[in-house]
Amino acid sequence: MARSFPFTIRQVAKILGLIVRYENQHNGNMDIDCPFCKKESKLNLNAANNIYRCNYCDDKGGMVQLYGKVLGISNSEAYREICEVLGCNNAKPTDNVSGNSNGGDNDTDYSSSVLAKNVSSKAITRAGSNTTHQAYSMLISMLNLANPHKEYLLGRGLSPGLIDKAGYKSVPAFGQQGLCAKLLQSGCVLEGVPGFYRSNGEWNVKLKAPGIIIPICGIDGKISGLQIRLNKPINSRKYIWLSSPDLDGGASSGSPIHFIGDPAAKRIYVTDGALKGNVAHGLTGYTFACLPGVKSLNGLDGLISSLKANGAKEILEAFDIHKLTDNQLGASAAKLREKIASYGLKVTSAIWGDNSLKGIDDYFLSRAKTQKNHVYNVNIQAAIAV
C-alpha cells in the first residue's frame, strides 16, 4: 500500500548526520557508512521507496525505523522527533510507522493502529515539569538499589554519596502496580508522565526489564526523564527510556539532556550519556551537560542559551576519544562544536593521549588513580588533524 510521509529518507539521513560516500544523481540513491556494522559505504538508501539496506550486515527497513534504531528509541518516538526537527508536527502518514513506501521490515512492536493513535490530535499531552519531577522523585524514593548494581556503579568511579544523591535505583522485580497506588495516595499525578499508563482502569508503570534506573535532570535540577541501563542488552541496546507514548494515559519520554554541576559555571563539558557525565563530575567537580546520544542535539539550543545567559564562556566537546579515528563520531563531534560556536561561545575539543581510555569518565578515573596531569584542550582544527 502506498503511503505519504511528510519527509524523505534523505532528510532523515541529514538529521542523523550520516556519512554519505556516494549519491546517484539520477535516482537519488545514496551509499553511506552503516551505523550498525560500521562498514564504509555499505548501507544503501533507496530514495524512491524510502527504505534502507546494508549490503554487509543485511540490516534493513524503513526511514523511521532507521532513525529509531540509530538513536535507540521506538518508531513512534522517532516519527515524532523527525517531525519536530523538520517542523511538520501536524502531518500524518497513511499506514504503518516503519517509514517505507513499498514494503520493508516493520518494527514488530508498533502497528498501523498504534501509529494512528500516537499521531492523533487527541494524544495525551505530556505532564508539566513539576508534575513529572514529583512523580519520578516519589517513585525513586520507594525503590532500592541492588548490591550488584551498587558494585557496578562503584566500579565505574561513583562515590557512595553521589550514588545516593543521583538517585540510582534498581528496577523492581514485582509490585509495579502497588507503587502506582502509593504514588496516587501521595498526591502524585500520573496522567501524561512518561512511563506510566492505565491498564483496565488501573495505573501501572513500564518498569519491566531488569536494570539500573538513571534519573535525568535538567539545568533546573528537576528530573525530566528516567533511563534504564539494562542488565542484558535488548537488540544491542544497553539503555532504554521509561516511556509510554502508545498506552492509555501515557506520554513519550523524548530525549532530555542531563545536567550536573554549577548552572553558572564558566566552563562546561558536553558529553554523551548521563552516567558518564555523573562519573566525570563526581571525580572532578566539573560541570557536565550530557546528551542522550552523540547524534541527538534536541534541546541543546535552549540549554546553550541558558548557559550563555548564566555567564558561560567556554564549552568543551567531550565525546569519546575514538572521535579522532571514527568518521561518524568525528562528524557528530564537529556538528556539536559548530552548534555551540554559532552562539558566540568559545568551543574546544577535550582529547587525551591514551587512546585506551575511551570516555572522558575513563580518563578522569585513570587520572584520579595515577595523578596524571589535567586533560588538555586543543582547537577544533588541531583536534581533527590528530
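Tabulated data for the structure shown
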item	result
Per residue convex hull volume, Cα atoms of segment 129-241, in Å³	116 Å³
q = 0.09, 0.14, 0.18 Å⁻¹: log10 I(q)/I(0) that the Debye formula gives for segment 196-337, counting C-alpha atoms only	-0.31, -0.72, -1.08
Sorted by Cβ density within 10 Å, fewest first, the residues M63, M30	M30, M63
Under 22 Å, Cα to Cα: Lys pairs in segment 129-241, sequence gap 8 or more or different chains	20
Values of log10 I(q)/I(0), in the order q = 0.18, 0.22, 0.24, 0.32 Å⁻¹, for segment 179-228 under a Debye, Cα-only, solvent-free model	-0.68, -0.95, -1.06, -1.21
Long-range lysine pairs (8 or more apart or interchain), segment 258-385, Cα under 13 Å	11
Share of alpha-carbon pairs per 10 Å distance bin for segment 224-282, given as whole %	18, 42, 28, 11, 1
C-alpha center-to-center spacing [segment 144-165, segment 171-193] in angstrom	24 Å
For I51, distant residues with modelled amide H under 5 Å away	N46
Dipole magnitude of segment 258-385 about its Cα centre (Cβ charges: Lys, Arg +1; Asp, Glu -1), debye to nearest 20	220 debye
Prolate/oblate/rounded call for segment 274-357, Cα gyration tensor, a/c under 1.5 rounded	oblate
Bins of 10 Å from zero: percent of alpha-carbon pairs in segment 194-252	23, 44, 30, 3
Residue order, fewest to most beta carbons within 10 Å, for E314, E151	E151, E314
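Bear in mind that the values in this text are calculations on the coordinates, not laboratory data. Remember, it's a predicted structure, so these values are computed and weren't measured experimentally. Heads up, the Cβs are rebuilt from the backbone with ideal geometry, glycines too, and the neighbour counts pull from every protein chain shown.
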